[in-house]
Structure formats: structure tokens, C-alpha cells
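Asks: Dumping the structure here so I can ask a few things about it.
A short reminder: the numbers here are calculations on the coordinates, not readings from a lab. From a predicted model like this one, the values you see are computed outputs, not experimental measurements. Backbone-built Cβ (ideal geometry, glycine too); neighbour counts: all protein chains shown.
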Amino acid sequence: MGFIKGRALHYVFKIPDRKETIRFYREVLGMKVLRHEEFSEGCEATCNGPYSGRWSKTMVGYGPEDNHFAIELTYNYGIHQYEKGNDFIGITIKSKEALERAKKENWPVKAGNVMEAPGGYLFNIIAEPQPTDRDPVEKVTVASSNLEKSIKYWNGVLGLEIFNQTKDTVLVGFNKNEAKLELKDIGKAINRAKAYGRIAFSCPKDQQEQIDKVIRENNCTIVTPLISLDTPGKATVTVIILADPDGLEICFVDDENYRLLSQPDPDSERVLNTQMRKDKS
């Protein structure tokens with residue numbers, strides 16, 4: 001293992017249809033709304049992409065962010081279409097219950113138990129009982145144009161552990177009992193288009209400057225240098241945004257303040273429903 005004492009947090013999607021997207025995550029996948037936040041202007045760390053207007057963030061998952069991998073749904077008011085590239089492949093979840101809910105909700109299930117969320121994001125469902133002693137989210141799979149370069153970056157530079165490796169895939173992560181990142185070699189250049197996502201990890205605050213130093217020493221990409229981000233009424237966190245050799249954005253946020261920021265907000269469900277009713281964009 002490397003020097004980073006990391007923890008997998010979430011993957012970020014830009015969503016074109018907030019109402020139908022929320023229905024999919026709540027009623028089909030069976031996730032809960034953990035917290036919802038509204039912002040009047042774009043994020044300094046481009047959490048919502050390169051958009052400067054009003055946006056919202058909805059965190060959904062199977063349990064508290066302290067010990068569950070979440071999905072961050074960013075909605076830019078007035079933006080209802082994002083060109084999808086070939087960078088994101090899918091998220092794997094163990095939950096036969098989700099398949100049962102899909103049937104009940106008349107949500108299409110493709111061959112291999114694959115479901116498509118609004119926006120074209122794919123979810124691979126393992127038809128086994130949803131675990132209660134750990135997070136049902138098993139892995140996020142993204143494309144790599146060159147697996148050797150990806151391994152050199154994720155394992156060699158950042159120090160994530162390799163949990164499994166095949167001819168064209170590698171599974172990396174920080175901890176055995178949490179969601180992993182899978183990189184799959186597709187043998188061609190990666191096009192991230194407009195719908196590109198971002199994966200987030202936390203680490204102790206005193207390690208963020210070490211990450212900055214290691215990335216600079218290895219001539220790798222820093223998208224956003226260390227910066228403080230405010231969320232109205234909640235904790236301020238420090239983040240550094242990196243990019244791997246294929247441009248996948250990686251957020252490292254300080255764990256101490258993120259645990260405060262990410263506490264479940266019981267009022268979020270009501271606020272989200274109210275904002276969806278009021279949305280005329």
C-alpha cells in the first residue's frame with residue numbers, strides 16, 4: 001500500500017432529468033436520499049462541471065456516507081442533455097431486490113441484468129440477496145486506453161492496492177471491504193465528452209499536501225490545486241482534484257471535515273421534493 005490512507009466516497013454523475021433520475025435511484029435501485037444541497041452558482045472545483053449557474057447536489061446510497069459508497073447526482077438547472085462519451089462503463093451492485101423492484105416499476109432490464117439510468121449510465125446488477133453487513137455497491141468500472149499506464153498511475157503513483165487483475169482489467173482500491181475502482185482497457189482513446197464524471201476519495205487532511213507533491217514530482221495532472229469549498233450551513237472541506245492518464249477526474253477531500261459535511265440530513269427528502277416541484281427550467 002502507498003502513503004495515502006484513503007477511503008472510497010462516491011462517483012459523480014451529471015443528470016439531465018432530475019425527477020426521473022431520482023425515481024430510478026429511490027424506487028428501482030432502492031437507495032436513500034442522504035442529503036440534498038442547492039447552490040446559486042457553479043462550484044469552484046467544477047463539481048457540477050464547467051457550468052456557472054444554479055445547480056443542486058443530491059447524495060444517494062444504501063446507508064450513511066461514513067461507511068457506504070454514494071452516488072452524487074449533480075443537476076444544472078436548464079441543462080437537460082449531456083453528450084455521453086466512452087469513459088464510463090458501469091457500476092456493479094449486488095441486489096436481486098433491485099431487479100424485483102425494476103419489474104414492479106416497469107423499468108427495463110437488459111440482458112445480463114443491466115439497467116440504464118436516465119442519462120445513459122449503466123448499472124450491472126448481481127442477482128444475489130442484497131447484503132446487510134456491508135455496502136451492496138461493489139465497484140465502479142471506467143475505461144482505460146492503456147492498462148499499463150493506468151496501473152502505473154493508480155498503483156505506482158497513488159498507491160492504491162491491486163485486488164484483482166486480468167488481461168484487460170485491474171481492480172484497485174484502498175480497503176478490502178469497500179467499493180473498488182475497476183479500469184478496463186478498451187484499446188482506444190478515451191472520449192469523456194460532456195457527461196464525464198468524477199470519482200471521490202477521502203484522506204487525512206495532512207496527506208493532501210503529500211498528494212500534491214507526489215503528483216508534481218511524477219509530472220501528472222492537477223486539475224484544481226488545494227482549495228477550500230463551502231457548503232451553506234455545513235462544514236467547509238479542502239479538496240484537490242487530479243486527473244489520471246485518461247483524464248478521469250479524481251477528488252481527494254479531507255476526511256475529518258468530510259465526515260462532518262456528509263452526515264445524513266433528515267430534511268433533504270422534503271427539500272428535494274419541493275425543489276423538483278418548483279423547477280420550471
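Asks: Of the residues that sit in region 42-89 and are basic (Lys, Arg) and more than 30 Å from LYS176 (Cα to Cα), which one is nearest to the chain's Cα centre (by Cα)?
Replies: Looking at the filtered set, the residue picked out is LYS84.
Asks: Still on this structure: Select from region 73-100 the residues that are within 29 Å of ASP267 (Cβ to Cβ) and either crowded, with 21+ Cβ neighbours inside 10 Å or β-branched (Val, Ile, Thr) (or both) and list them in ascending order.
Replies: Passing the criteria: LEU73, THR74, TYR75, ASN76, ILE79, ILE91, ILE93, SER95, ALA98.
Asks: Kindly indicate whether MET115 is of a type in the set (A, V, I, L, M) and within 24 Å of ILE227 (Cβ to Cβ). Walk me through how you get there before you give the answer.
Replies: Working: of a type in the set (A, V, I, L, M): yes; within 24 Å of ILE227 (Cβ to Cβ): no.
When the stated conditions are applied, MET115 does not pass them.
Asks: May I pose another question? With the requirement that a residue be assigned to a loop (DSSP other than H, G, I, E, B), among the charged types (D, E, K, R) and touching a Leu at 6+ places or on another chain (Cβ under 8 Å), what does region 57-110 give you?
Replies: GLU65, ASP87
Asks: If the requirement is being β-branched (Val, Ile, Thr) and crowded, with 20+ Cβ neighbours inside 10 Å, which of these qualifies: VAL172, VAL114?
Replies: VAL172
Asks: LYS234 is checked against (1) loosely packed, with under 15 Cβ neighbours inside 10 Å; (2) out of contact with any strand residue (DSSP E or B) (no Cβ under 6 Å at 6 or more places or on another chain); (3) within 21 Å of GLU37 (Cα to Cα); (4) not small (Gly, Ala, Ser) and fails just one. What number does that condition carry?
Replies: Of (1) loosely packed, with under 15 Cβ neighbours inside 10 Å; (2) out of contact with any strand residue (DSSP E or B) (no Cβ under 6 Å at 6 or more places or on another chain); (3) within 21 Å of GLU37 (Cα to Cα); (4) not small (Gly, Ala, Ser), only one is false for LYS234: (1).
Asks: Could you grab me the full set of residues in region 111-121 that are in a loop (DSSP other than H, G, I, E, B) and free of Cβ contacts under 8 Å to residues at least 24 places away in the same chain?
Replies: Of everything in region 111-121, those that are in a loop (DSSP other than H, G, I, E, B) and free of Cβ contacts under 8 Å to residues at least 24 places away in the same chain turn out to be ALA111, GLY112, ASN113.
Asks: Is it fair to say LEU122 is surrounded by fewer than 18 Cβ atoms within 10 Å (Cβ to Cβ), under 28 Å from LEU242 (Cα atoms) and touching a Gly at 6+ places or on another chain (Cβ under 8 Å)?
Replies: yes
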